[in-house]
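The values are calculated or read from the model by the stated rules, or taken from the named source; none is laboratory data. These numbers come from a predicted model, not from an experiment. Using ideal geometry, Cβ is built from the backbone for each residue, glycine included, and neighbour counts are taken over all protein chains shown.
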């Protein structure tokens, strides 16, 4: 993989870091303002433009996806981040159950930007967040708090042909920690009897990770690699005839290991030291 | 009539069978969710298994206040002490 081309009018050298701090701050402000503005105009209008609840939600989700793409474009143009995506066409089928690891704050931005219509499972706390509550509500995202009802709702969504996005960690990875996947994704996949569509996200140098203050930008532009993988089948876990909770534990363990390997490999390929060796 | 010790030993076995929880981790003070990672979905499977073992109807509310293994043992003990309830 070659080094990403630098954004055109971004200064280099010492000014670069200052610029990216400014760019990051500006991005946060735009995100917050955008979320509130759209949340009181475009999104409610789209939602209420039809009596059909699902059609209204689909319209908002498409609008949110466009907003995410625009926002990512802003961050890339400012030189705050750069991204490369592999296998995006694999996300386009109906009823995709997408699971991804979660190193940074903008993982959702990137993935929702790649999927025009997707139901996201979102942590309950976001409904109380001043900025995020608007897209989360109007786009009809699903709260992770509902327990048994959550599994049923997700199975129904997948059966309906709708795609689902889950971050099994439930929160951003703590840097240096190994992946800690919750069992929800496995429970849904087993209940719905669908394969998992894995998306591996790596970021080097890493930014906007858990505990990272927004102004502590890395030494150079944070580069993201997003790889959409082949489906991970669950048939073998169903075939073992284990109680569902045990099958979910085994599948979660397998999924965690899959991502540990995939992310390590991807990160290794991204790093300049590796590239120098040719 | 089972004693609480017997119930505790039985519960330990069940937790291992259903969730592969190490028997050494199962103590009376062990918190089901925080220590043993038993979530709400697991609880459904657990209650089903307890129904089979005790031969009693179990209402999920009877377990609503159960937080630790000790609470669970007491709840099960109370259950098997009573005559089978009408509802």
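Out of region A:228-264, which residues are in a strand (DSSP E or B) and in contact with a helix residue (DSSP H, G or I) (Cβ under 6 Å, 6 or more places away or on another chain)? Within region A:228-264, just A:228 meets the criteria. Summed over region B:10-48, residues that are more than 10 Å from chain A (Cβ to nearest Cβ) and surrounded by fewer than 16 Cβ atoms within 10 Å (Cβ to Cβ) total 14. Against the list (1) touching a residue at least 12 places away in the same chain (Cβ under 8 Å); (2) within 28 Å of residue A:251 (Cβ to Cβ), the condition residue B:81 fails is (2).
The conditions are (1) surrounded by fewer than 13 Cβ atoms within 10 Å (Cβ to Cβ); (2) free of Cβ contacts under 8 Å to residues at least 40 places away in the same chain; (3) more than 14 Å from every other protein chain (Cβ to nearest Cβ), and residue A:219 fails exactly one of them. Which is it? Result: residue A:219 passes all but (2). Scanning region B:9-37 for residues that are under 11 Å from the mean Cα position of the chain (by Cα) and assigned to a loop (DSSP other than H, G, I, E, B) yields one hit, B:32.
Yes/no per residue for (1) more than 13 Å from residue B:7 (Cβ to Cβ); (2) touching a strand residue (DSSP E or B) at 6+ places or on another chain (Cβ under 8 Å); (3) part of a loop (DSSP other than H, G, I, E, B):
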| residue | (1), (2), (3) |
| --- | --- |
| B:47 | yes, no, no |
| B:58 | yes, no, yes |
| B:74 | no, no, no |
| B:80 | no, no, no |
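When each of A:220, A:162 is tested for being modelled with pLDDT of 95 or more and in a loop (DSSP other than H, G, I, E, B), the lone residue that passes is A:162. Being surrounded by fewer than 14 Cβ atoms within 10 Å (Cβ to Cβ), modelled with pLDDT of 95 or more and either out of contact with any strand residue (DSSP E or B) (no Cβ under 8 Å at 6 or more places or on another chain) or over 21 Å from residue A:110 (Cβ atoms) (or both) is a property that residue A:37 has. Being in contact with a helix residue (DSSP H, G or I) (Cβ under 6 Å, 6 or more places away or on another chain) and surrounded by fewer than 22 Cβ atoms within 10 Å (Cβ to Cβ) is not true of residue A:130.
Condition check ((1) on the phi < 0 side of the Ramachandran plot; (2) within 14 Å of chain B (Cβ to nearest Cβ); (3) within 16 Å of the chain's Cα centre (by Cα); (4) buried (at least 21 other Cβ atoms within 10 Å of the Cβ)) across all residues:
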| residue | (1), (2), (3), (4) |
| --- | --- |
| A:172 | yes, no, yes, no |
| A:185 | yes, yes, yes, yes |
| A:200 | yes, no, yes, yes |
| A:224 | yes, no, yes, yes |
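Filtered by the rule that a residue be in contact with a helix residue (DSSP H, G or I) (Cβ under 6 Å, 6 or more places away or on another chain) and closer than 17 Å to residue B:18 by Cα, region B:42-71 gives B:42, B:45, B:49, B:54.
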